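Everything on this sheet refers to the single structure shown next.
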Amino acid sequence: MLGLTKKTDYALLALSYLARGESGQVVRTKTIAEQFDIPSELLAKILQKLARSGMLTSTPGPTGGYMLARSADEITIGGVVRAVEGSPALTQCLKSVDNECEQRGKCTIRGPLERVNARVFQMLDRTTLTEITAPETGAPGAGNPPCLAGEGGLVAAAHIRPAVPEAARVEAGASRRGAT
């Protein structure tokens, strides 16, 4: 199934925490880790990757920590995924150019899946940190940090199909059966 890794979930949780905080405020890794019950060592490695990618500014020392290097409007989910995971792909053969596959000469799905992969990243590249940190109006728990791996979170959004009322699905199924 298409989904984001736990590392990306943690990265997005940390970034959303920083985005909701005071501008220019340095936050320690331990503070974020405790807030979301994330292993501190793992979070430190993730935050270092985000700092190397230019999304965070790191301040060393005992009073150091991290803060956003750019506005939340300029940080995209696609950028976060790439910073944390590299360039993920839907299938193994799309993960690297050199990845040889036994089926490559006969494969009829590589091209279409490359297009699907590109569309997924187009959507992620258009979705900003601001969008996922903004409270949903009328939603239970509005104002709370987004739960990215749980129900209704970003991961779930990647699986959403366009909504079709049940009556329309039944009617469409009936007309297809009648047409054969």
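The values are calculated or read from the model by the stated rules, or taken from the named source; none is laboratory data. This is a predicted model, so every value here is computed, not measured. As a convention, Cβ positions derive from the backbone with ideal geometry for all residues, glycine included, and neighbour counts pool all protein chains shown. To get the accessible areas, we keep the full protein, side chains included, count just its heavy atoms, and leave off ligands, DNA and RNA. Shrake-Rupley method; radii C 1.70, N 1.55, O 1.52, S 1.80 Å.
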Counting only residues that are in contact with a Phe, Trp or Tyr (Cβ under 8 Å, 6 or more places away or on another chain) and either open to solvent by less than 50 Å² (accessible area, probe 1.4 Å) or under 17 Å from residue 5 (Cα atoms) (or both), region 15-31 contains a total of 3
- Mind checking whether some residue in region 26-42 is of a type in the set (Gly, Ala, Ser) and touching a strand residue (DSSP E or B) at 6+ places or on another chain (Cβ under 7 Å)? no
Checked 102, 114 against criteria (of a type outside the set (Phe, Trp, Tyr), surrounded by 13 or more Cβ atoms within 10 Å (Cβ to Cβ) and at pLDDT 75 or above); the one match is 114
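Here's the yes/no breakdown for (1) closer than 22 Å to residue 127 by Cβ; (2) basic (Lys, Arg):
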| position | (1), (2) |
| --- | --- |
| 45 | no, yes |
| 53 | yes, no |
| 57 | no, no |
| 61 | no, no |
| 82 | yes, yes |
| 85 | yes, no |
| 91 | no, no |
| 101 | no, no |
| 109 | no, no |
Reported set for region 32-47 where residues are among the β-branched types (Val, Ile, Thr) and either loosely packed, with under 15 Cβ neighbours inside 10 Å or assigned to a loop (DSSP other than H, G, I, E, B) (or both) is 38
Query raised in the report: Are any of the residues in region 125-140 surrounded by fewer than 16 Cβ atoms within 10 Å (Cβ to Cβ), closer than 23 Å to residue 42 by Cα, modelled with pLDDT under 90 and of a type in the set (Ser, Thr, Tyr)?
Result: no
Checked 10, 66 against criteria (touching a helix residue (DSSP H, G or I) at 6+ places or on another chain (Cβ under 6 Å), in contact (Cβ under 8 Å) with a residue 12 or more places away in the chain and assigned to a strand (DSSP E or B)); the one match is 66
Counted residues in region 48-78 being touching a Gly at 6+ places or on another chain (Cβ under 9 Å) and open to solvent by less than 20 Å² (accessible area, probe 1.4 Å) come to 1
Picking from 131, 85, 34, the residue that is free of Cβ contacts under 8 Å to residues at least 12 places away in the same chain, under 16 Å from residue 12 (Cα atoms) and under 14 Å from the mean Cα position of the chain (by Cα) would be 131
Q.
Going by what's in this entry, would residue 52 be described as modelled with pLDDT under 95 and closer than 21 Å to residue 12 by Cα?
A. no
